[in-house]
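What follows is a set of notes on a single structure, which appears directly below.
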Amino acid sequence: MHVHNGRRRLTEPAVDPLYDTMLASVFSLPRCGTRLVGRVHCIRYRLFSHGPAIEAYRSHALARAPALEHDVISSSQAQLMFMTLHPNASPSSPSTNASKSHPSSFFLPCSPDTHLPSSGTPLPQGYHVAYCPSRIPEPLLSPDGYTKDYVPPSPFVRRMWAGADVRWELDNPLRVGDACTEATRVKDVQLKAGSTTEMVMLTLEKTFSNHRGVSVTEDRSYVFLPPAPATHPPPAPTHQHNNIKTSPTPTPSSRLSPDFSRVVSQSSVSLFRFSALTFNSHLIHYNHPYAKEEGHQDIIVHGPLNFVLLMELFRQHAPSRPIQRFTYRALSPVYVNTTYTLKGNNT
């Protein structure tokens with residue numbers, strides 16, 4: 001590739017299309033001086049040393065056929081999810097007003113005179129994460145306990161949840177008793193430069209369908225990093241009282257006055273239950289020594305758990321307004337026994 005810079009003509013060796021795209025965007029800047037071009041060359045080779053391997057992985061991943069998982073929307077699984085999200089909920093009965101206090105209260109723990117939700121009951125939004133898990137035999141899992149289905153090539157072995165974009169077909173909700181099929185395909189793979197290392201951003205598109213068609217579409221985003229270094233910086237300071245840790249000082253955006261909120265803290269039991277419900281064996285959610293190896297101060301609250309908790313909060317305060325689309329990003333880890341606040345605003 002040749003780049004003209006005024007009267008100077010710069011020549012650089014051929015590179016793969018991933019690099020060409022990045023450089024083209026840089027060279028399109030006006031008055032790109034020689035010194036700037038030289039810096040770009042240095043950054044390119046230092047930060048994108050795994051470009052060819054990731055480009056080959058990307059091409060292969062995008063060409064894969066969708067992977068299918070099948071399940072049945074059981075009332076028991078949904079009720080166990082509700083109990084995990086609301087650990088202090090008490091049993092309901094037909095004679096109480098529990099059904100008025102929360103739109104999902106029919107999933108409260110059963111007392112002797114109540115029954116599980118009947119077939120056809122709509123599944124609360126967000127509860128789809130407890131269905132159609134990847135059924136991977138234990139010997140085929142990664143050393144950290146997670147599935148290896150979509151893991152990029154070495155050295156990107158450390159996985160983190162980055163967020164999701166979820167869309168619901170409001171005229172076709174998943175219902176108790178539905179046979180459900182989940183189709184998973186790779187939607188995007190990107191090699192990015194972090195502050196100290198390269199990282200791979202992977203997006204999986206998951207569609208959940210019943211016999212009437214698609215009900216939920218979710219784009220799940222993951223970050224894959226190289227192994228953690230042997231030494232780690234000290235964790236962010238926290239204030240601890242009665243074994244409950246409070247988060248550091250909130251950012252300015254988190255100080256906005258909410259219309260409704262809920263203060264929560266996830267115990268190790270809640271994390272275990274959510275891992276069991278979603279068939280998630282990732283060690284980072286229940287193995288403290290392993291979490292420390294990855295540079296964390298404790299085991300980590302699941303990103304999807306916070307997503308479903310937010311959906312519960314919205315549903316509780318606006319039960320007649322189902323959500324059609326919900327997008328979120330995981331900006332920093334939340335640790336076990338740490339108090340934090342879920343917030344929402346009316347629009």
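Working carefully through the options SER99, SER90, SER95, find the one that is modelled with pLDDT under 90, open to solvent by 60 Å² or more (accessible area, probe 1.4 Å) and either in a helix (DSSP H, G or I) or of a type in the set (Phe, Trp, Tyr) (or both).
SER99
Condition check ((1) in contact with a strand residue (DSSP E or B) (Cβ under 6 Å, 6 or more places away or on another chain); (2) within 13 Å of HIS282 (Cα to Cα); (3) in a strand (DSSP E or B); (4) basic (Lys, Arg)) across all residues:
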residue: ARG135; (1), (2), (3), (4): no, no, no, yes
residue: PRO139; (1), (2), (3), (4): no, no, no, no
residue: LYS148; (1), (2), (3), (4): no, yes, no, yes
residue: VAL151; (1), (2), (3), (4): no, no, no, no
residue: SER154; (1), (2), (3), (4): no, no, no, no
residue: TRP161; (1), (2), (3), (4): no, yes, yes, no
residue: ALA164; (1), (2), (3), (4): yes, no, yes, no
residue: ARG167; (1), (2), (3), (4): yes, no, yes, yes
residue: LEU170; (1), (2), (3), (4): no, no, no, no
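Quick check on the range 286-313: of everything there that is outside any helix (DSSP H, G or I) and not aliphatic (A, V, I, L, M), which residue is nearest to PHE260 (Cα to Cα)?
HIS302
Scanning for something closer than 18 Å to HIS128 by Cα and assigned to a loop (DSSP other than H, G, I, E, B), does the range 324-342 turn up at least one residue?
yes
Does ALA193 qualify as being more than 15 Å from the chain's Cα centre (by Cα), modelled with pLDDT under 95 and of a type in the set (Gly, Ala, Ser)?
It is true that ALA193 is more than 15 Å from the chain's Cα centre (by Cα), modelled with pLDDT under 95 and of a type in the set (Gly, Ala, Ser).
Looking at the structure I just gave you, is SER265 open to solvent by 40 Å² or more (accessible area, probe 1.4 Å), at pLDDT 95 or above and among the hydroxyl-bearing types (Ser, Thr, Tyr)?
yes
If GLY194 satisfies every condition in (1) surrounded by 16 or more Cβ atoms within 10 Å (Cβ to Cβ); (2) under 23 Å from ALA56 (Cα atoms) but one, which is the exception?
(1)
Filter the range 281-304 down to residues that are touching a residue at least 40 places away in the same chain (Cβ under 8 Å), of a type outside the set (Asp, Glu) and open to solvent by less than 30 Å² (accessible area, probe 1.4 Å), then give me how many there are.
6
Is it fair to say LYS343 is charged (D, E, K, R) and over 25 Å from GLU138 (Cβ atoms)?
yes
Taking the stated definitions as given, is PRO143 open to solvent by less than 60 Å² (accessible area, probe 1.4 Å) and either of a type outside the set (Ser, Thr, Tyr) or touching a Ser or Thr at 6+ places or on another chain (Cβ under 9 Å) (or both)?
no
What are the residues in the range 154-187 that are among the polar types (S, T, N, Q), in contact with a Lys or Arg (Cβ under 8 Å, 6 or more places away or on another chain) and farther than 30 Å from ALA228 by Cβ, if any?
ASN172
Return the total of residues in the range 123-140 being crowded, with 17+ Cβ neighbours inside 10 Å and farther than 30 Å from PRO173 by Cα.
Qualifying residue count, the range 123-140: 0.
Residue-wise test of (1) at pLDDT 95 or above; (2) under 20 Å from VAL72 (Cβ atoms); (3) open to solvent by 80 Å² or more (accessible area, probe 1.4 Å).
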position: ARG167; (1), (2), (3): yes, no, no
position: GLU182; (1), (2), (3): yes, yes, no
position: LEU202; (1), (2), (3): yes, no, no
position: PHE208; (1), (2), (3): yes, yes, no
position: SER215; (1), (2), (3): yes, yes, no
position: ALA228; (1), (2), (3): no, no, no
position: PRO237; (1), (2), (3): no, no, yes
position: SER247; (1), (2), (3): no, no, no
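With the structure loaded, tell me whether ALA318 is open to solvent by less than 30 Å² (accessible area, probe 1.4 Å) and over 18 Å from the mean Cα position of the chain (by Cα) or whether it fails that test.
Against the criterion (open to solvent by less than 30 Å² (accessible area, probe 1.4 Å) and over 18 Å from the mean Cα position of the chain (by Cα)), ALA318 qualifies.
The values are calculated or read from the model by the stated rules, or taken from the named source; none is laboratory data. If you're wondering where the values come from, they're calculated on a predicted model, not measured in any experiment. Every residue, glycine among them, receives a Cβ derived from its backbone with ideal geometry; neighbour counts consider all protein chains shown. Surface accessibility is based on the protein's heavy atoms, side chains included, excluding ligands, DNA and RNA. Shrake-Rupley method; radii C 1.70, N 1.55, O 1.52, S 1.80 Å.
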